[in-house]
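Remarks on the structure that follows.
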Amino acid sequence: MNEKTPVTAGTAGTRGRLGFWQRLRLQVLLLGLIGLPRWLGLGTLPKRSTQPQWRRRRERRQGRRSPLRTRRGIVQLLALALMAEVATAATTLHPPVGRSVDESAFPLPKPYFPVSTRFYTDPDNPAAQWVRGNPHDRRATVIRKRIADQPQAAWFTDTDQGRVEAQVRQVVRSARARGRLPVLVAYAIPHRDCGKHSSGGMADLSGYRNWIGGFARGIGASRAVVILEPDALAHLTCLKRRQQAERYEALSHAARTLRGQAAHARIYYDAGNSGWLPSPVMAERLERAGIDRYGDGIALNVSNFNATRDEVRYGLSVLRELRLPRLGAVIDTSRNGAGPTHDHRFCDPPGRKLGTPPTARTGIPGIDAYLWVKQPGQADGCAATAGLFVPGYAFRLTH
């Protein structure tokens, strides 16, 4: 998953239009700069002085300046002042490309979750299972403390509707008993991952509708965070036109089903990451998938390595494009402690590190939480089969 060609993060902003008085101000400044020499009488002065050379030498020794040099000095000073004023006016009246003129006016919500929120740590996450099976391995203690004991999302990929319902119910009940908030990843959409490392999912739209119904019933009346189908919208262009329409329908149906059958679940549509699609493109896809009707926000950087600051910038840009003040964003920080590689490798790149531990204490309006959506140590499909826990890879993430 997460195959992409890096692009510049952020939005294609709009330039502010100049009003009448603003245009007039800029024109007067430019005319002043052009006409300054003529206004000072320099247009009629000869280029060289007509005084004898011996007199010019004597005046220089006595510290006098010729009228021509004096006027030229005045021109230079005034020209510099006017040029500074023009530059100030231009940058004030024309905001830089990529920054919307009304960004500050758009209200972003406070982080949704209380800062005291504690996310659920599944005792059967892949790292925990490996530690229990290898208690004497020299890496076990570090992996347990740094990875296994941290809250992580639970991924649901089993295509059997009955089994996935039971699996979801078990996780949410365990989380509720411990007073924790579980993070659940629904990952079974048809044509998943465009047939690449994480291919699979349900065979067709009808089967997916049944599957998401079981997923929602498993949550029931419990509280949960749902990450809806990582990469489903970002990977849209690998599908044929009919399949694209079915994907929009699948995501819209999934969110609608969750809203109806799991009323206390908070639904975050996956929105790729800052190195994938421009924010206006992603916002348009999210709208077509029903986020304005059924979603609570967007999930970013899932299974990727981009720096948190870049994901914050991109996420807020997408939210501003959507212009729905109730929406927030969560960011996967599980493996972004060192940021991306220089070539933005997405598949088990070397030299990466664990990122900020899961927390609702973001301090940024519009950013609801930092989560570990990807379970650290699980392969992306290059170090090993996608989803397989690799202890060596996990251990390196801790350093």
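Remarks
- The stretch 177-280, relative contact order [Cα under 8 Å, separation at least 6], %: 33
- The stretch 262-310 shape via C-alpha gyration tensor axes, a/c threshold 1.5: oblate
- Segment residue 199..residue 359, full-extension length gain: 54.6 nm, with 0.36 nm per residue of separation and the alpha-carbon distance subtracted.
- Selection from 275, 261, 244, by position along the positive dipole direction of the stretch 237-277 (Cβ): 244
- Judged by the ratio a/c of the largest to the smallest principal axis of the C-alpha gyration tensor, the stretch 183-319 counts as oblate, that ratio being 1.5 or greater while a/b is no larger than b/c.
- Gain on full extension, evaluated as 0.36 nm per residue between residue 178 and residue 160 minus their Cα-Cα distance, stands at 3.7 nm.
- Taking packing as the residue-averaged number of other Cβ atoms within 10 angstrom, the listed peptides 320-327, 111-118, 364-371, 228-235 run from highest to lowest as 228-235, 364-371, 320-327, 111-118.
- Between residue 139 and residue 241, the simple spin-label model (points 7 angstrom out along Cα→Cβ) gives 5.0 nm.
- Pair residue 118, residue 309: separation of 7 Å Cα→Cβ label points (nm): 3.3
- The portion of the accessible surface of the stretch 301-399 made up by carbon and sulfur, rounded to a whole percent, is 53 (1.4 Å probe; DNA, RNA and ligands excluded).
- Mean separation of Cα pairs under 8 Å and 6 or more residues apart, divided by the residue count, gives the stretch 318-399 a relative contact order of 30 percent.
- The alpha carbons of the stretch 286-386 stretch over 40, 29, 23 Å along the principal axes, in descending order.
- Net lengthening on full extension, residue 388/residue 287 (0.36 nm per residue, minus Cα-Cα): 33.0 nm
The values are calculated or read from the model by the stated rules, or taken from the named source; none is laboratory data. Because the structure is predicted, anything quoted here is derived from the model rather than measured. Note that each Cβ is placed from the backbone with ideal geometry, even for glycine, and that neighbours are counted across all protein chains shown. Quick note on the areas: whole protein, heavy atoms, side chains included, nothing else; ligands and nucleic acids left out. Shrake-Rupley method; radii C 1.70, N 1.55, O 1.52, S 1.80 Å.
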